[in-house]
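Student: Input: one structure, supplied below.
Any read-out appearing in this document is the output of simple, stated calculations on the displayed coordinates, not a laboratory observation. No experiment lies behind these values; they were computed from the predicted model shown. As a convention, Cβ positions derive from the backbone with ideal geometry for all residues, glycine included, and neighbour counts pool all protein chains shown.
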Amino acid sequence: MHSYTTRCIDENQDNETLKDMTKSGKQRPWREKKIDNVSYADILEILKIKKAFNVKQCGNVLEFKPTDEGYLKLHKTWFCKSKLCPVCNWRRAMKNSYQAQRVIEEVVKEKPKARWLFLTLSTRNAIDGDHLEQSLKHMSKAFNKLKMYTKVKKNLIGFLRSTEVTVNKNDGSYNQHMHVLLCVESAYFKKQGQYIKQSEWVDLWQKALQVDYRPVANIKAIKPNQKGDKDIQAAIKETSKYSVKSSDFLTDDDERNQEIVNDLEKGLYRKRMLSYGGLLKQKHKILNLDDAEDGVLLQS
C-alpha cells in the first residue's frame, strides 16, 4: 500500500513517533485519507486523466516542526488541490470551517442585531458529466439573480454559499444543490412586507432558474452565539463540508466508480464551490484570509 512518510525538520526529534495531533489530543486521519487518495488516483490513471500522477503525490511527505508549546506541528507538505481528492477535501473543509467561524464572529460584532438564515437550493438531478457542468453553471447564474431580487436584496447584509454534489444511489444521477448562510437585517422579521415565506422563496428560485417546475428552496432561521444553541455551528459545518464525498465514488463497483469520477471531473471543472458575498466577503478580506478554494491547505 502506497502511504505517506513523516519527518521532522528538527534533527533532535525521533522521526518514528511523528503524529499530527489536534489541540484536543486526537490524531488526524492522514492514513485513511491517503489510502482513499491513492484509490482516486488509480481511477484517474485508468481514465487516462493527466493529473493522476500529481494526485498520487498529494500529502506524500509530511514535515513537522516543534512549537514553543512543546508539541510537533505540521509545517510543510504538498497538496494537489483536485476537487475530488479526499486529502484536499478534508483539509479544505477544516479550513473553510475555521475561516467561516472567524468571518461570522466579525460580522456579529458589527451587526449584533442581524438575523441569520440557512437556505438550501436545488434543481433537477443531472444525468451525466456534461449535464452536471451545464446545471452548475446555470445554478450559479440563477443564484446571482436571486440575491438581486428587490425583496431579497433590501435586507441582505451578506452570505456564504457552498455547492455540493451527491450521487443518487438508486438511479446514478447527480444532485447538485447549494447551502447558503444568509445574514439579513432584523427588519426582515419585523417590518411588514419584508419577510419572505417558504413558498415565496420557492417562487423566487423558480423565477431565477426559469424552470416550469417547483424546485427545492428550503429556508430556516438560525440563532448565532446563543448559549446552548448549536444552529450556527451546524450551518457552518454544513456550508463548509466536502463538495463531494469520496464514498460516492470509492465503492465496490469499479466500473461505476470510473463513470462517476469521469462525470464529476467534467462537471466540476473550473467551478467555484464556495464563495462569500456582501459584508461577509468584506470581513474575509479585512481578516486577510486567503482564497477558500485555492489557498494554503496547511493550517487547521
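Student: Whole-Hz ³J(HN,Hα) for each residue in segment 281-287, computed from phi via Karplus 6.51 cos²θ - 1.76 cosθ + 1.60 with θ = phi - 60°, x for glycine and proline: what do you get?
Tutor: So the Karplus estimates, Gly and Pro as x, are 5, 4, 5, 4, 6, 4, 6 Hz.
Student: Here is the link list: Lys51/Lys147; Lys237/Lys281; Lys137/Lys197; Lys56/Lys241; Lys26/Lys283; Lys151/Lys245. Which ones come out longer than 29 Å on Cα distance?
Tutor: Going by Cα-Cα distance, Lys51/Lys147; Lys26/Lys283; Lys151/Lys245 fall outside the 29 Å limit.
Student: Quote the FRET efficiency, to the nearest 0.05, computed for Lys76 versus Asn288 with a Förster distance R0 of 25 Å and r equal to the Cβ-Cβ distance.
Tutor: 0.75
Student: Add -39500 (n - 2.57) for each DSSP H run of 4 or more in the chain, then divide by its residues: what number comes out at 222 nm, to the nearest 500 deg cm²/dmol?
Tutor: Dividing the helical sum by the residues of the chain leaves -12500 deg cm²/dmol.
Student: Which links in Lys48/Lys169; Lys34/Lys83; Lys81/Lys271 stretch past 20 Å when you go from one Cα to the other?
Tutor: From Lys48/Lys169; Lys34/Lys83; Lys81/Lys271, over 20 Å: Lys48/Lys169.
Student: Using a cut-off of 15 Å between alpha-carbon atoms, which aspartates and glutamates can reach Lys113, once sequence neighbours fewer than 8 places away in the same chain are excluded?
Tutor: Cross-link targets: Glu105, Glu185.
Student: Also, I was wondering about something else. Given a Förster distance of 45 angstrom, what is the FRET efficiency for Asp212 paired with Ala234, based on the Cβ-Cβ distance and rounded to 0.05?
Tutor: 0.85
Student: Any chance you could run the full-extension gain for Glu63 through Arg124? It's 0.36 nm times the residue separation minus the Cα-Cα distance, nm to one decimal.
Tutor: The Glu63-Arg124 span can extend by a further 17.5 nm.
Student: Here is a follow-up. Over its Cα atoms, what ratio of radius of gyration to 2.2 N^0.38 Å does the chain give?
Tutor: It is 1.09.
Student: Going Cα to Cα from Lys190, which aspartates and glutamates come in below 19 Å? Please leave out same-chain ones fewer than 8 positions away.
Tutor: Counting by Cα, and skipping residues close in sequence, Lys190 has these aspartates and glutamates nearby: Glu200.
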